[in-house]
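Participant: Take a look at this one; I'll ask things after.
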Amino acid sequence: MSDVEIHQVRNDADRDAAKALTWEFFEDQKAGYPDLVPNIERYIEDHRIAENLDRFGEMFEPPHGHTFLAWLGAAPVGLVKLRPYRETGGELNRMYVRPEGRGRGAGRKLVSALIATARECGHAYIHLASLRAMTTAQRVYAAHGFRYYNPPDGYRADDNDIVHMRLDLS
């Protein structure tokens, strides 16, 4: 049985933990994929990550989105965000689990909580874009029913370093 618990962000301490985990997510990507650092830095700039984190409640909390934290005891060890996507969808965004949370079901529990909330919100599907090299995360998504697809107008759809996945909820 896993000792990881999942909670939505609802207070300043949670917001601070989510912001720290978001930056750790990007640092982990840079360390793990040094050849993709220019792409990762471009993404951070293009998506105005610092500005969006400064406006956390407006961007990542209801009714604009949902942020989930995985906790191992009193320590936050994981993060995932759900944002509205287009007319009827949701977007799984920036899933990250710290090394001490890996292998404990944190990623699986984060994705399960996100899917349940997406259903409650009435989303018809969940979309995500991921670095192709992030195969561990993609296995977690696939285990929840996500399938690869190629949206012609998706984020960097013509970039071989990016994959798109989708889970239909209807």
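Participant: Assign one of three labels to the stretch 37-170, namely rounded, prolate or oblate, based on the Cα gyration tensor with a ≥ b ≥ c the square roots of its eigenvalues; rounded applies when a/c is under 1.5, prolate when it is not and a/b is larger than b/c, and oblate otherwise. Write down the numbers at each step before the final one.
Facilitator: Values: a/c = 1.17, a/b = 1.13, b/c = 1.03.
In terms of gyration-tensor shape, rounded.
Participant: Net charge within 11 Å of Ile6 by Cβ-Cβ distance, Lys/Arg positive one each and Asp/Glu negative one each, not counting Ile6 itself?
Facilitator: +1
Participant: Can you check what the net charge comes to around Asn52, using other residues whose Cβ is under 11 Å from the Cβ of Asn52 (Lys, Arg +1; Asp, Glu -1)? Let's see the in-between values first.
Facilitator: On the way: positive: Lys19, Arg48, Arg55, Lys81, Arg83, Arg94; negative: Glu51, Asp54, Glu58.
Taking every other residue near Asn52 into account, the sum is +3.
Participant: A follow-up question, please. Among Phe60, Val111, Pro76, whose Cα lies farthest out toward the positive end of the dipole of the stretch 55-169, if unit charges sit on the beta carbon of Lys, Arg (+1) and Asp, Glu (-1)?
Facilitator: Final value for the positive-end residue is Pro76.
Participant: Something else about it: Relative to the present Cα-Cα distance, how much length would full extension add between Arg10 and Arg86 at 0.36 nm per residue of separation?
Facilitator: Gain on stretching Arg10 to Arg86: 24.9 nm.
Participant: Rounded to the nearest 10 Å², what accessible area does Val37 have for a 1.4 Å probe in the complete protein model?
Facilitator: 40
Participant: A follow-up question, please. Taking the stretch 1-83, which GluC sites (Glu not before Pro) meet the DSSP loop condition and have no more than 15 other C-beta atoms within 10 Å?
Facilitator: Values: sites: Glu5, Glu24, Glu27, Glu41, Glu45, Glu51, Glu58; in loops: none.
When the GluC sites (Glu not before Pro) of the stretch 1-83 are filtered for loop state and at most 15 Cβ neighbours within 10 Å, nothing remains.
Participant: Using a cut-off of 15 Å between beta-carbons, work out the net charge of the residues near Gly122 (Lys and Arg +1, Asp and Glu -1, Gly122 not included).
Facilitator: On the way: positive: Arg83, Arg86, Arg119; negative: Glu87, Glu91, Glu120, Asp168.
Value of the local net charge: -1.
The values are calculated or read from the model by the stated rules, or taken from the named source; none is laboratory data. Values in this document were obtained by computation on a predicted structure and should not be read as measured data. Every residue, glycine among them, receives a Cβ derived from its backbone with ideal geometry; neighbour counts consider all protein chains shown. Side chains are part of the model used for accessible areas, which takes the heavy atoms of the whole protein and leaves out ligands, DNA and RNA. Shrake-Rupley method; radii C 1.70, N 1.55, O 1.52, S 1.80 Å.
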